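Let me begin by presenting the structure, written as C-alpha cells, before commenting on it.
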Amino acid sequence: MATQTPPTTPTTTSAAPAGGAHAALHARHRAVLPDWLATYYRRPIELTRGEGRHVWDAEGNRYLDFFGGILTTMTAHALPEVTAAVSAQAGRILHSSTLYLSSHAVELAERIARLSGIPDARVFFTTSGTEANDTALLLATAYRRSNQILALRNSYHGRSFSAVGITGNSAWSPTSLSPLQTLYVHGGVRTRGPYAQLSDAEFVTACVADLEDVLGQTGGPVAALIAEPVPGVGGFTMPPDGLLAAFKQVLDKHGILWITDEVQTGWGRTGEHFWGWQAHGQAGPPDILTFAKGIGNGMSMGGVVARAEVMNCLTAHSISTFGGSPVTAAAALANLTYLVEHDLQGNARRIGGLLRGRFEAAAARLGIVREVRGRGLMLGVELVVPGSGQPSAEAAGLALEAAREHGLLIGKGGRFGNVLRIAPPLSLTVEEAEEGADALEAALAAAQQALA
Ligand code: PLP
C-alpha cells in the first residue's frame, strides 16, 4: 500500500467560473490541437498535481482519481520510489538508445520475461500500447507469412494504421484502409442480441463455432488471434472464463498464434490474476503478450513478450528509438518492485470486491444501472434509460459530469458509450473506496434525476 500522508487540501466540488486562464488555455487548445482531444467534460480539466490516489486541477479542486490517469497510474500518483528512480536516472543520462546496453532495461526485461510465463521469452520495449500491438502484428505476420488477423468484435488495440485496421468498432477506427485482412469473431460482448441470452458454457460453444466458421471461410493461413482478456475501451465486458482456452484449442490445430493484449488487464489489475489471460485456466501461456499503460506509472513504456523463435523471426533491424529508454525503464522497475512487494494485486482483489459490492447496492436502488461487472479494480457500470432499458451515452455523460462535481474522476466507454469505467490506482485504500463509492452513487442519482 502507498504510504503517503493523505493531502489535507479540502475537496472543492464546484468548478471555478468560466473565463480567465482556464478559458484562455481551452481556446488555445482548440485552435491548435485536434478536435478529438480533451473531449472529457464540457469544461475540460487541467490537472497540475497528483499524490497517492488524488489529483488537483489548476484551480485548486481536488479529485479522487478513479480512472488512474487512463489506467496509467498503476500504483499511485507521485509514488516516491518512482519519482526517486526517475530523478536519479535523469541526473545521470536521459537517453542512451537501444543501440547500447542499459542495466535498467535488462533487469526489467528479465523480470517481465519471468512473470509472463512464456518459455524462452524475449522482451522488446516500446513507448506505447499501440506500438506494442503493432510490433506483435509485425512479428505474427512475419512468422506466419500471412496478413490475416483474427480480432474480437468491439475490440480496441490502439491507433496506428495496423492497430485501427484490426479494431472492431468504427467509432474507434478512423480508417478502414488497412493493409491487414481482419476477420472478426465473437467473444468480447454479449450484452445485447442473441448472445445475451446464452449461459457461459453456451456462449463459449457459440464463439468457438463462430471462430471455426470464420476459419473455414478463409483461404490461406491466418497469422494470429489478438484479444484483450477483458475488453477495455469496449466497456469492461467480461468474457466467460475459459473462452480463450477454448479458442486456443482451435488456434493450435491451425498453427495460429495467440496474442494477448494486456495493456489494460496486466500487472494484477484484475485482482485474481497477474495477467488477464490467466482467468482462462489452461489457455496459457500465449505466444505473444503485449503491455503498456500502468507499467511506467505514467511514463511512456510498453512492450512485447514472445518466444525467442517468434521474436527473432525478423531479419531486418527494427529498433524503437525511445523504447525501454533508461529513464522509463528505471520508472517501470521501481513501479513493478513496489507493486509486487506491496501485493497490490491482492489489494485490487480485496478493495475491488468492496467497491463492487457498493456499486451493486447502489444499482439496486437506481433504475439507471443495467449491470455492474468486472474484476479487481477494473469495474464497469453500464447505464441505461430508466424504464426503457436502452443504452444511454447521455446517462454516462451526465454521470461523468456529476461525478466531477462530487470530486471524483471516472472513465467511460463501451460499444454504445454508456459504460462508466472504474480503474483507480491499485493502492486504493478502504476509506478512499468508500469515499469514491459515495460520490459515484450521488453522481448516478443526479444523472438519473437529470434524465427524468
Ligand atoms: N490496447 C488496449 C487494450 C488499450 O486499451 C489501448 C489504449 O487504450 C491500447 C492498446 C493502445 O495503447 P496506447 O494508447 O498506449 O497506444
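Quick note: the coordinates plus some simple rules give every number you see, no bench work behind them. Small disclaimer: the values here were computed from a predicted structure and weren't measured. Please note: Cβ atoms are built from the backbone with ideal geometry, for glycine as well, and neighbour counts cover all protein chains shown.
Can you give the alpha-carbon Rg of segment 200-265 over 2.2 N^0.38 Å, where N counts its residues?
Compactness ratio reported: 1.14.
Mind listing the Cα extents of the chain along all three principal axes, in Å, largest one first?
Rounded to whole Å, the extents work out to 59, 59, 44 Å.
Checking the a/c ratio against 1.5 first, then a/b against b/c, what shape does the Cα gyration tensor give for segment 285-328?
Since a/c reaches 1.5 but b/c is at least a/b, the shape of segment 285-328 is classed as oblate.
Just add up the charged neighbours of Arg53: K/R +1, D/E -1, any other residue whose Cβ is under 9 Å from the Cβ of Arg53.
-3
Can you divide the C-alpha Rg of segment 326-404 by 2.2 N^0.38 Å and report the result to two decimal places?
1.49
Would you please state which residues of segment 370-409 a label at Tyr41 would reach in this model, taking the label point 7 Å out along Cα→Cβ and a backbone N cut-off of under 18 Å?
Residues 396-409 fall inside that zone.
Any chance you could run the full-extension gain for Ala23 through Ala88? It's 0.36 nm times the residue separation minus the Cα-Cα distance, nm to one decimal.
Going from the current span to full extension adds 19.7 nm.
Quick check: net charge around Thr290, other residues with Cβ under 11 Å of its Cβ, Lys/Arg +1 and Asp/Glu -1?
Residues near Thr290 contribute -4 overall.
From a point 7 Å beyond the Cα of Glu110 in the direction of its Cβ, which residues of segment 265-281 have a backbone N at a distance under 19 Å?
It comes to no residues whatsoever.
Take the eigenvalues of the Cα gyration tensor for segment 43-95, scale each by 5, and report the square roots as semi-axes in whole Å, largest first.
Semi-axes (√(5λ), whole Å): 24, 13, 10.
Return the ratio Rg/(2.2 N^0.38 Å) for segment 259-382, where Rg is computed over Cα atoms only.
1.28
Which shape class applies to segment 47-202: rounded if a/c is under 1.5, otherwise prolate when a/b exceeds b/c and oblate if not, where a ≥ b ≥ c are the square roots of the Cα gyration tensor eigenvalues?
oblate
Of the DSSP beta bridges with both residues in the chain, give the percent that are antiparallel, rounding to the nearest 5.
Taking every DSSP beta bridge within the chain, about 65 percent pair in antiparallel fashion.
Please give the Cα centre distance for segment 129-147 versus segment 189-264, rounded to the nearest Å.
Centre-to-centre distance over Cα atoms comes out at 19 Å.
First select every other residue whose beta carbon is under 12 angstrom from the beta carbon of Gly242; then total the charges, Lys and Arg +1, Asp and Glu -1.
-1
Given Cβ point charges of +1 (Lys, Arg) and -1 (Asp, Glu) and nothing else, what value in debye, to the nearest 20, does the dipole of the chain about its Cα centre take?
540
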